[in-house]
Amino acid sequence: MKMIILKVFLFMMILEPLPADVWNNPHDSEKIATQTLFSAFSMPPKRLDPVVSYNANEWAIIGQIYEPPLQYNYLKRPYALEALTLKEMPALTYYDLEGRLVDENDAHIAFSEYRLRLREDVKYQDHPAFVKDANGTLFYGKLSEEALENIQTLDDFEKQATRHLTASDYAYAIKRMAVRQNHSPILDNMAEYIVGLKAFSQNITKIAEEKKRTKEVLDLRAYNIAGVKVLSDHTLSIRIKGKYPQFIYWLSMYFFSPIPWEADLFYQQKGMKGKNLTWNWSPVGTGAYYLVKNDPSREMVLKANPNFHDERYPSLNEEERNSSNIPRELLSDAGKKLPFIKEVIYTLEKESIPLWNKFLQGYYDASGISSEAFDQAVQISASGTMDLSSEMSQKGIVLKGSVQPSIFYMAFNMEDPVVGGYSESAKKLRQAISIAQNQEEYISIFMNERGIAAQGPIAPGIFGHLDGEKGTDKVVYEWKSGKRVRKSIEVAKRLLAEAGYPEGISMKTGKQLKLHYDATATGPDDRALMDWRRKQFAKLGIQLVIRSTDYNRFQDKVRKAKVQIFSWGWNADYPDPENFLFLLYGGNAVVNTNGAGINSSNYQNPEFDKLFDEIKIMSNSPQRQEKIQKMLTLVREDAPWVWGFHPKSLALTHLWFKNVFPNAMANNTLKYKRIDAKLRVEKQKEWNQPVLLPLVLFVLLLVLSGYFLHKLYLNRQKAVIKQER
Amino acid sequence: MIMLTLLWTDIMVWILIFALIAWGWVISRSPQVKKQWHTIFKSSIAMASATVLLFYLFFTLLDSVHLRLAKTSPGQNTEQQYSEMLSLLDIIFSHNIKNTERTYSAPFATHEYVKSIVIDENGLTTQKHLPLKYVSKDDDLLSKSIVALAVGFVLSLFLILIHLFWRKGRGAFVAMKKVLKGEADLPWRTAYLTLTFLVMTFTWLYILSYSYHVLGTDKVGGDVLYHSLKSIRTGVLIGILTTLIMLPVAVILGVSAGLFGGWVDDVIQYLYTTLSSIPGVLLIAAGVLVMQVTMDNNPTWFETTLERSDLRLLFLIVILGVTSWTGLARLLRAETLKISQIEFVTAAKAFGVGKWTIIRRHIIPNLMHIILISVVLDFSGLVLAEAVLSYVGVGVDPTMHSWGNMINQARLEMAREPMVWWSLFSAFIFMFILVLAANLFSDRIQKVLDPRNDT
Amino acid sequence: MFAYILKRILYAIPILIGVNLITFMLFFMVNTPDDMARAQLGAKQVTPQMIEAWKADKGYDKALFLNKEAKGLEKVTDTLFVQESMKLFSFDFGYSDANRNIGAEIKERMGPSLAIALPTFMIALITNISLALLLVLFRGSALDTSMMIVAVMIMSVSGLFYIIAGQVLFSKMWHWVPISGYEPGWGGIKFIILPILIGVFAGIGSGVRWYRSIFLEQINQDYVRTARAKGLSELKVLFVHVLRNGMLPILTGVVVVIPTLFMGSLIMESFFGIPGLGSYTIDAINSQDFAIVKAMVFLGSVLYIIGLILTDISYTLFDPRVKL
């Protein structure tokens, strides 16, 4: 007995002073010392096929792998496009109906044509699909089922090869988009613009159906879209109907990533799908990284692409640096060859709690801030800016924040007999409700101040958004001594009375006004949220009935216009006001488009629609600004939405994670980032020393109770023997 | 003016209570059953747990009477306005409903738990803990506690005396002496002690809840004590109403399978084997999803959020009932088979006694102990299941007060630094005491009633 | 014996058809194929054409139970229900909505599920039996009574509390193990140790009580008395006679659980981020992926039925009195 206690003490003595290896490291301990980034994903990306993928979590992965023609400059603000696989920005020319070249401001513009000149040094990642035999036919083009027997992953193919990027790969991607069976989310939208796409789509969809029935492969090289022409190996032209300046932004999205025909044929072979070898799971791109492992149940691994073309860290001149407000240390790598990080390991973390704890322990290099963790992480400094709490800054954690080009709003269904309509009383009812929704309180309670109360649909950082008095919604706010102040609840009550509901009681029926709010409330936090929402309406004496469903059904209701009040959000596709204002365009109303439209509040105002048609094709100018302001005044008055807020995204990074600069538009940002691996190893050791005392106490307890039990047993044995005798 | 408006579950609870009372009256006429119950309560643990269970039941019932109070109407020509539905418990705790703070505060705290941004008159912003709005400003915790405990003591004494008079009439004081010495026929002393303890704790919490948030406040400043007490109803209802739904199904199907045999037996066996072979959570999840759709398609079924969540609770109870009858039915079938082989039953059959008479006279009485044991055993399991189901997202309505919802939210709170522990703690304590009492009580019942447990 | 097993297996088929019918009805009542299409396409603008294309792609454009357009027997067979059920019976689970091969996925995820469930089961069995023997050894003493009350207390706490407390203490405060995660092979021990410990602890209450009652039944049997009268030490009596004779009820009670171990634990896996079948199921419920839920229900039922058959077999093997 004594010996054991002595040993335990010796054990303690040995262990305590040594900076032992940590026990709780969830990663490969060797990789921590290398240029490996540890990151997490909360939902396995469902589709990595650029033709369908449209989610942020999917783009976070394929952004590193695929390269559309253009990209957003990593550092420049306001957001600016630059060439990625092109030699320069696309050349734009205009034509009239007869095909004559015309001027930009000509009234007869019928088509615009984008000419893309590709770089010649861009190569794909190594992939078995590119392997060709001596005759130039595909080596793995006709695999039998036996040959596939032993294949589980792409690494099981003996040979791999690469090839240069050509213009026809981009054309191929647009053709794939046209095939309805590929479920492209932007096909119907693009068919409105790209010349010949609609007809081509109808045609190719039928062909694809036919081929599926006869079990033949579909080789899209044999078919061509009228408006998409491959002029040479490295030149492509795309013809657009009329004028659509926003098209250039689409060229930076992954729907326009190059698709090599070899890989398309490769993945169409029989038996590939059963091995999960499809576009959805094994992307083939020219980007800085390629996907090595895709296990949606646990982890995804990216590795640096050895064939990646020469790209350098962007450098800015002093003037650009100042206007974009960029700290100098972000430019210390300027001109160096990308990428820096050699490997990225994404681990599945479905819950925010373990993610946050692991970040604090140093096992993730960056993290968002959930609202639970917020007041642990962030303090508001005297000047009103957000700063890290002392606990975090002592750890060397760095805070990065930016306002998202998004809006979360509460919409009224304008087709609803009570809250909808354009009569003066309906307008006043909506305005009263708008004033009563205390967004500032909402942001404070549920968002931890990580948001800005919206004054209209357009998010900050987008052309058309104004700060200060000019950008204030005068229906809901007052401008008092240089500050925006929400109008008092008395004003709202007066408006409500004028609308015919004094104290929330309908003058017509004598009953309390009861409104229905549709929500998708299933999470643990939602109860508080719903309570809050009810309170806001109760301030006016209105009773709010909340109908919560799952997101699916909620969407369905909205699309059938079966809602009264609901909350929704919008995340901009590109930094242009058109991408926000079209949410309120009458032509996009759900009721006008059989549920397909994006204007879910069914707002229709002819004046607004006319202005929208005008600003849509204008380039950014004071005239455009003026027209947009007119539109904003209209919607503020009509109040089809309670404007809600624009979320601010805050991210925390550890000291060893370099070159991190939030960019809400760009997705391919991994290649710019760098890691100081030595510092990481040191800090992880420092923060994660196991606490041994409880363990020692536990062992001691075990030993002691064993001892007592033994004693007890001996006594009992004696007693039993006595009894038996 | 007061308008009594009962929710669906209220009605069911009261039906159940009256059924229980009726049942109690019936068994009190059978000396054999009466003796059995007497044996059950001989154990002081059983007595104490029964007292605790009654205490919980009391809160459930308080929370199962819903009223609408009249409002002063704004105009002459408008009809009488009523407030939203309130239960008796809500009325007792109306000060807690009204006095919501802004956000988290610890038990008995005077300031908020987290710092907020304050802009002072100089326009500087700082972070500090804001004072709570609805707490006592002077430091009188001790004096108030003493008063509260005294009130609690007097109250419980009063309750005990009433009980004694009701039982013994004039002989109450003699009985009192006996009880105090522990010489009474049943361990009443334990029961009274438990009662005194419960009543005193509760009055202490209640009286102090006027000047403090005794168990802290949650994210939006709601009082945690109030939440926990409101959750009692949800937990108890799921525990008892589910069995109410499941019992008739299980008894009818189990008995008829055992008694009639043949194809009836085959069909019923097929039914319960099929149902029980589907993993429970999946079946419940699917059921809950169906329910949600049905409710969405029929928004006219309910007028307020309260009615909506009540209906959802009702459906959840029905779904749990439908999925949980199989075990009991299997037991009942086996037992019925056994009983119908016994000589006097076969003899009765031979004499041409009707099947219903056989069921009523011979079978049901002999199945009573199995039914009773499974009811009390299921109770605690169901209370615990509610929490898990809420975690999976197929539990009660998220707007409903329930321990499951509290735990679910607490998970996020435990990740904070410093931890917000009181929600989890309150849910833990309230739930633990209920389930512990139920488990101990069911243990005792099993020991007494189960013929196999003679040891 | 073999005839019996065959009979039981044949009897399982109508049950599985019933299971399929129930899941099928429940799910298509909730989720029309249109809903599924919308959830899966998930884009900002979903047009009706896209939905039609998706349904055709998945084969969800067929009639549910009765195809009025087909002829003869095809009226019944060329329907969604029959087609899908037939595939299940050949253990072809098809593709999930994310276009992954479900069969391959299930095979992959069984490992992690078993890595948690099997050790939990074994360790729990050993701990519970030894603790129960200990209590039987000291039966009637204050130790026994107090431990029984402790056991009831352990039973009365929701499993969620154990998990939350375990994570806070062992991972967050003491840095003993990673908070969550998984890794195949021996390197993964650090991840599974905490869920296993919590699983064992949460089951101790009910387990010990059950085993104790089994052993107590044995201890008053005649052969035990005889053994004791022979002067065997109490420990020997317990381990040789009581344990051996108690093994039969324990075995037959435990066998039914073994196949369902494959299904994993829903709660444990999702709390600890273990990529097993339990978390697979929860994710499928949350994302309403019908194909996966159907596959899991089917698998669960099959395993349950296997468990029942195994129980019957173990009765015959170990108890000579039972004859089939």
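The values are calculated or read from the model by the stated rules, or taken from the named source; none is laboratory data. Everything quoted here is computed from the prediction, not taken from an experiment. Reconstructed Cβ throughout: ideal geometry from the backbone, glycine too, with neighbour counts over all protein chains shown. Note: areas computed on protein heavy atoms with side chains; ligands, DNA, RNA excluded. Shrake-Rupley method; radii C 1.70, N 1.55, O 1.52, S 1.80 Å.
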On alpha carbon coordinates alone, what is the Rg over Rh value for the protein assembly as shown, Rh being the Kirkwood radius? 0.98
Throw me the Rg/Rh for the range B:230-449, computed over C-alpha atoms with Kirkwood Rh, two decimals. 1.07
Can you work out ³J(HN,Hα) from phi for every residue in the range A:306-320, in order, using Karplus 6.51 cos²θ - 1.76 cosθ + 1.60 and θ = phi - 60°, giving whole Hz and x for Gly and Pro? x, 8, 4, 5, 6, 10, 10, 4, x, 10, 10, 7, 4, 5, 4
At a Förster distance of 22 Å, what's the computed FRET efficiency of C:A56 paired with A:R221, Cβ-Cβ distance as r, to 0.05? 0.30
Express in Å², to the nearest 10, the accessible area of A:E120 obtained by rolling a 1.4 Å probe over the protein heavy atoms while all chains stay in place. 100 Å²
So what are the range A:406-649's ellipsoid semi-axes, whole angstrom, largest first, if each one is the square root of 5 times an eigenvalue of the alpha-carbon gyration tensor? 26, 21, 19
Ignoring ligands, DNA and RNA, please state the percent of accessible area on the protein assembly as shown from carbon and sulfur, probe 1.4 Å. 62 percent
The rounded separation in angstrom of the Cα centers of the range C:131-193 and the range B:347-412 is 28 Å
Mind checking the mean number of beta-carbon atoms from other chains within 10 Å of the Cβ atoms in A:343-356? 5
Find the relative contact order for chain A and round it to a whole percent, using C-alpha pairs within less than 8 Å whose residues are 6+ positions apart. 17 percent
May I have the pair-distance distribution P(r) for the range C:266-321, computed from all Cα-Cα distances with 5 Å bins from 0 and rounded to whole percent? 4, 18, 17, 17, 13, 9, 9, 7, 4, 1, 0
The answer for A:E478, listing residues at least 5 apart or on another chain whose modeled amide H is closer than 5 Å to its amide H, is A:V485, A:R486, A:K487
Once the principal axes of the Cα atoms of chain A are found, what is the range along each, listed largest first in whole angstroms? 113, 86, 62
Restricting things to Cα coordinates, could you compute the convex hull volume per residue of the range C:110-318 in Å³? 143 Å³
From the residues C:F91, C:L137, C:L118, which one has its Cα farthest along the dipole of the range C:3-141 in the positive direction, the dipole being from +1 and -1 charges on Cβ of Lys/Arg and Asp/Glu about the Cα centre? C:L137
For the range A:298-315 and the range A:394-436, write down the distance between their C-alpha centroids in whole Å. 40 Å
For the range C:55-62, just list the computed ³J(HN,Hα) in residue order, Karplus coefficients 6.51, -1.76 and 1.60, θ = phi - 60°, integers in Hz, with x standing in for Gly and Pro. 5, 5, 4, 8, x, 7, 8, 7
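Can you give the local net charge around A:Q160? Use residues other than it whose beta-carbon is closer than 15 angstrom to its beta-carbon, Lys and Arg +1, Asp and Glu -1.
Working: positive: A:K123, A:K132, A:K159, A:R163, A:K303; negative: A:D126, A:D133, A:D155, A:D156, A:E158, A:E262.
In short, -1.
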Test item: Cα-centred dipole of the range C:110-318, Lys/Arg +1 and Asp/Glu -1 on Cβ, debye: 620 debye
With labels modelled as points extended 7 Å from the Cα through the Cβ direction, what inter-label distance (nm, one decimal) is found for B:K128 paired with A:N325? 2.9 nm
Give the span of the range B:137-211's Cα atoms along each principal axis, as three whole-Å numbers ordered largest to smallest. 50, 19, 14
Quick check for me: using +1 on Lys/Arg Cβ and -1 on Asp/Glu Cβ, what's the dipole size of the range B:230-449 about its Cα centre, in debye to the nearest 20? 620 debye
What is the distance in Å between the Cα centroid of the range A:125-139 and that of the range A:659-709? 46 Å
Before rounding to the nearest 500, sum -39500 (n - 2.57) across all DSSP H runs of length at least 4 in the protein assembly as shown and divide by the residue total; then give [θ] at 222 nm in deg cm²/dmol. -16500 deg cm²/dmol
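When the Cα atoms of the range B:299-424 are enclosed in a convex hull and the volume is divided per residue, what value in Å³ results?
Cα convex hull per residue, to the nearest whole number: 149 Å³.
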What number, in nm² with one decimal, is the all-direction average of the projected area of the convex hull of the alpha-carbon atoms of chain B? 31.3 nm²
Out of C:F272, C:N245, C:L235 - ranked by how far each Cα lies towards the positive end of the dipole of the range C:110-318, with unit charges on the beta-carbon of charged residues - the top one is C:L235
Which one of A:N448, A:H465, A:I407 is farthest out on the positive end of the charge dipole of the range A:373-480, using unit charges on Cβ (Lys, Arg +1; Asp, Glu -1) and the Cα centre as origin? A:H465
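Give me Rg/Rg_expected for the range B:388-446, where Rg uses Cα atoms only and Rg_expected = 2.2 N^0.38 Å with N residues. Show your work: numbers first, answer last.
Numbers: Rg = 13.9 Å, N = 59, 2.2 N^0.38 = 10.4 Å.
This ratio for the range B:388-446 stands at 1.34.
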Mind checking the dipole of the protein assembly as shown: about its Cα centre, +1 per Lys or Arg Cβ, -1 per Asp or Glu Cβ, Debye to the nearest 20? 4680 debye
Please report, in whole Å³, the volume per residue of the convex hull around the C-alpha atoms of the range A:25-143. 280 Å³
Taking every residue of C:55-63, the Cβ atoms of other protein chains inside 10 Å of its Cβ average out to 1
